[in-house]
Amino acid sequence: LADMAPKNFKNFIEQLLEARFLVLLILLLFLLVLTPFLNKFIETRILMDVFLTAIFIFIIYSIRLKRSQAIIALFLVLPLIITSWSEYFVEIRTVSLLTRIFGALFFAYATINILRIIAKSEEVDRETIFAAIVAYLLMALMWAFLYMTLERVSPGSFSFPDKGSWGEMMRYEYLSFVTITTLGYGDITPVTDQASSLVLIEALIGQIYLVVLVAWLVGMHVSRRSK
């Protein structure tokens, strides 16, 4: 029994890593759902930051095809990790401009590499579908950081109903997801031309992504089955 336990654990880890995009999708969904409810309590905030750091590491593992890709992704995500943990030692009211830029670059880099992995897939399986969904979510997170960057450079670019009741990251995640899905409740609105342009581009890219990628996946699946 003592010998079987490490072996079973090793098999579990191997299966977990093989289904990396499914695991990453579950982690991202948990993060988006749980953060607003647990972020007010310091104990759960620490757990959420551990969770968030694990997601960053898992993203790097999922997208790395070469060692250089993992190094680039790690370089881009380090400011995010440092900022999230330094808040427990130094009071940081807003995320720095550099962190916002690196956040946008990290999620953009991760999205591009996942799309490359999808394009190289020889068949459409569950992991391919999960990878496509993960790329969609990461794309939305990238735009959230772009919105934060714009607001930092040009304050007042967006109008919020009650700024005091929103966490900084959550408000821009919310804006990004309702934009990319073209849900558009209208409670958060772009005020400047630059903000309006970014919102418009995200809405267009989100819809083009769904139409083109779904059509491509269906076409590839039908093509493989007909052979």
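Between residue 70 and residue 120, what is 0.36 nm times their sequence separation minus the Cα-Cα distance? Round to one decimal in nm. Please report the intermediate quantities before stating the final value.
Values: separation 50, 0.36 × 50 = 18.00 nm, distance 1.83 nm.
Fully extending the segment from residue 70 to residue 120 adds 16.2 nm.
Accessible surface area normalised per residue over region 105-198 is 46 Å², counting heavy atoms of protein chains with a 1.4 Å rolling probe.
The apolar share of the surface of region 130-208, taken as the fraction of accessible area on carbon and sulfur atoms (1.4 Å probe, ligands and nucleic acids excluded), comes to 64 percent. Using a probe of 1.4 Å, the accessible surface attributed to residue 187 totals some 60 Å² when neighbouring protein chains are kept in position. Ordered from highest to lowest accessible area with the whole protein assembly present and a 1.4 Å probe, 67, 116, 171, 100 read as 67, 116, 171, 100.
Computed FRET efficiency, Cβ-Cβ of residue 127 and residue 154, R0 45 Å: what is it to the nearest 0.05?
On the way: r = 40 Å, r/R0 = 0.90.
Calculated value: 0.65.
The values are calculated or read from the model by the stated rules, or taken from the named source; none is laboratory data. Quick caveat, the model's predicted, so the values are computed rather than measured. So basically every Cβ, Gly included, is an ideal-geometry build from the backbone, and we count neighbours across all protein chains shown. The accessibility values were calculated without ligands, DNA or RNA, using every heavy atom of the protein model including side chains. Shrake-Rupley method; radii C 1.70, N 1.55, O 1.52, S 1.80 Å.
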